[in-house]
1. Mind counting the residues in the range A:250-279 that are more than 13 Å from chain B (Cβ to nearest Cβ) and either crowded, with 24+ Cβ neighbours inside 10 Å or under 19 Å from the mean Cα position of the chain (by Cα) (or both)?
2. Which residues, counting only those in the range B:13-37, are in a helix (DSSP H, G or I) and free of Cβ contacts under 8 Å to residues at least 40 places away in the same chain?
3. Out of (1) part of a loop (DSSP other than H, G, I, E, B); (2) farther than 29 Å from residue B:53 by Cβ, what's the single condition that is false for residue C:6?
4. Is it fair to say residue A:124 is more than 18 Å from the chain's Cα centre (by Cα) and more than 14 Å from chain B (Cβ to nearest Cβ)?
5. Specify which of the listed residues (A:39, A:29) is touching a helix residue (DSSP H, G or I) at 6+ places or on another chain (Cβ under 9 Å), crowded, with 24+ Cβ neighbours inside 10 Å and modelled with pLDDT under 90.
6. Inside the range C:184-228, can you point out the residues that are without any contact (Cβ under 8 Å) to a residue 60 or more places away in the chain, surrounded by 17 or more Cβ atoms within 10 Å (Cβ to Cβ) and in a strand (DSSP E or B)?
């Protein structure tokens, strides 16, 4: 395969990865919680989009805000009712709790949606750019992924909720003294994390088949993107996502597609040990 | 520290499990083997996760590597017992090397790193098909004895490992190693300042948390006769084992055994009755554990509970 | 005199571009109490961190009992007899007071068993006056008692040099007097003490010698009353203007 095609595939994938991981990164950065539910949130978003389209003929683009709203509510609920109670506990506790919640959500999905791979097929045609072949669904998915990630960036920068989240991330005691309701911000942050995961899943369903068997793999990708890009920053997730997309598509050609996942994880482990702040290494969530 | 009563109960528990082949059917014996195996894993995890307080999720990596090391040795004609030793040594060496790198990380980064190790092991094993059989898995030569004898044999081997793991725990708990590990859990910088060689102590704990998992993995492979990458390197296993230890009481001597027993019994019950909802019910167990039993079953003040119940009875007179 | 126990030779430490400690040399002699003072941010705690191996000097040497210990790790420093207390107390919160001190005896002191370490710990607790609450968890202690616990823990490590980083910060006058008595009692055991303070009163009453650190550099080393009248020291504390005015007032 020629280099241009490989890079183009990598960038498409990378944009989706950025959107997929940015919510995980936000939750980790602000709440200091490793959210094991993230993979299931992604798949849930994908499934909701698929079934709305498949059963009721709802167009995936119309479904996108609905998926976002539903996932936000689910995330807000889980954080407000469960995770807030132990949010200051050591990582072992919070990680185990989110893993337990994930088992419940995962089980509901396998029972009601089954594990069959589902993909929305829109048949939008494709374009051919200097010999690089790109289906339009992928371009659409990439564009929307970048748009959503950009929206999150703007929200963090300029909305009052965004500033409150940044403030809590930097110093939750000081933020509380400033009159910010920290627990509510935590719930909103977790909700946004779920929203980003769900919409990323919806976009994935346009491009690739999604199945519950992929929850672990998506979660793993979120780990890798976070570690590559550094925690809790939108630009970091973007850098990490694009880097992982390119690493996977290039190593797929060099070592064979079955090894691309391994290479991503090995890069993560090496970075963890030698540069745990990530490539971007930003401190605040901006 | 452990009471004499605790020790007696543990011994009784071992006897109950060890005698299952004489009074119970094969499925019970099978459960007993799994129980012993999970106990070994939970006791092992307790060294790094309980005593030292490092959120390690690499149990599945040690278990999987052990099962593959043992299975590969056996398929190359190494006698079974010797293959188990090879697997143990291999996993111990792996943990030593990995620990020196990974234990420089703390908290969330260590947790992510230790999960990443499991994934990398699984991916490497499944793509290195020349040696490991790849995704097709690996057949291990089976013991050609009567099924009942095979069951009893592997049960006793696993129980042997469980007793070793317990004895190691009890020893470490009363030894300067255990004391140093507890210091690290509470305040690593302060531990360094009072003269605890933290790197050495943490790596020791990590090796202790690994090598018997390797043995158990190899024994498991010989018992089951077939292994594949997804079964051997389960992310589920890597969280299940800490949950068992937490359920009993992390950092206590008997906690892992109590937690494993409670967990496996519940799991058997769930499996038998709600096959479709197995995962969700385990999830609920975890949520309940985190909220209602933060210190584990052993840390509940039973005396206070009884007193409260008594108090309520006496105060419960009609007004 | 050849009874020197600790010597720093031109020790410097830079963090990024900032020189936190700049070319500091001094020595401590067996059994003396030396005060280390300086305005906030002068580099006092960094200096202790350099001596105990928490940070590695960018240049220079630390010599302890004739051996170059510049590159040793904190746990090695602790074992060799360089003990310290922290400005912000660092207990093992869930362990009993007794076990906190036993940890010092077990790992920092002479190699011995856990039982023996606990016995030693009791003696040290009696010395600092915490023996009555030996079985309480460390997290339950009041601030003055936590400071005592830090002391007992360091003493259990059978130190040759004890560095006390702001042991009196946050204590009231009565508590400070008690702490000073304790420091003198420790000194009577032959332990060399480096006491880091910004409370002048404290340093002046116990120290036999005073070191002054300013912007990471050692600007004075000598007998306490001489040092506090030193022009540069006054300047460092009060600023150039006030020092000048003070001087003029003195002459007038």
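1. Here is the first cut: in the range A:250-279, the ones more than 13 Å from chain B (Cβ to nearest Cβ) are A:250, A:253-254, A:279.
This time we only want the ones that are either crowded, with 24+ Cβ neighbours inside 10 Å or under 19 Å from the mean Cα position of the chain (by Cα) (or both), so: A:279.
Matching residues across the range A:250-279 total 1.
2. We begin by selecting, within the range B:13-37, every residue in a helix (DSSP H, G or I); these are B:13-18, B:20-23, B:26-37.
Within the range B:13-37, B:15, B:16, B:22, B:23, B:27, B:28 meet the criteria.
3. Answer for residue C:6: the failing condition is (1).
4. Working: more than 18 Å from the chain's Cα centre (by Cα): yes; more than 14 Å from chain B (Cβ to nearest Cβ): yes.
Yes.
5. On the way: A:39 fails: modelled with pLDDT under 90.
Only one candidate qualifies: A:29.
6. If the condition is that a residue be without any contact (Cβ under 8 Å) to a residue 60 or more places away in the chain, surrounded by 17 or more Cβ atoms within 10 Å (Cβ to Cβ) and in a strand (DSSP E or B), then C:219, C:220 are the ones that fit.
Residue-by-condition table, conditions (1) without any contact (Cβ under 8 Å) to a residue 24 or more places away in the chain; (2) crowded, with 20+ Cβ neighbours inside 10 Å; (3) within 14 Å of chain A (Cβ to nearest Cβ); (4) closer than 30 Å to residue B:133 by Cβ:
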site: B:232; (1), (2), (3), (4): no, yes, no, yes
site: B:254; (1), (2), (3), (4): no, yes, no, no
site: B:273; (1), (2), (3), (4): yes, no, no, no
site: B:287; (1), (2), (3), (4): yes, no, yes, no
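Rundown of residues vs (1) within 17 Å of the chain's Cα centre (by Cα); (2) free of Cβ contacts under 8 Å to residues at least 12 places away in the same chain; (3) within 26 Å of residue C:185 (Cβ to Cβ), yes/no style:
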{"site": "C:3", "(1), (2), (3)": "no, no, yes"}
{"site": "C:8", "(1), (2), (3)": "yes, no, no"}
{"site": "C:14", "(1), (2), (3)": "no, no, no"}
{"site": "C:20", "(1), (2), (3)": "no, no, no"}
{"site": "C:24", "(1), (2), (3)": "yes, no, no"}
{"site": "C:29", "(1), (2), (3)": "yes, no, yes"}
{"site": "C:33", "(1), (2), (3)": "yes, no, yes"}
{"site": "C:41", "(1), (2), (3)": "yes, yes, no"}
{"site": "C:48", "(1), (2), (3)": "yes, no, yes"}
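The values are calculated or read from the model by the stated rules, or taken from the named source; none is laboratory data. It should be emphasised that the depicted structure is a prediction, and the values quoted were computed from it without experimental measurement. All Cβ positions, glycine included, derive from the backbone under ideal geometry; neighbour counts span all protein chains shown.
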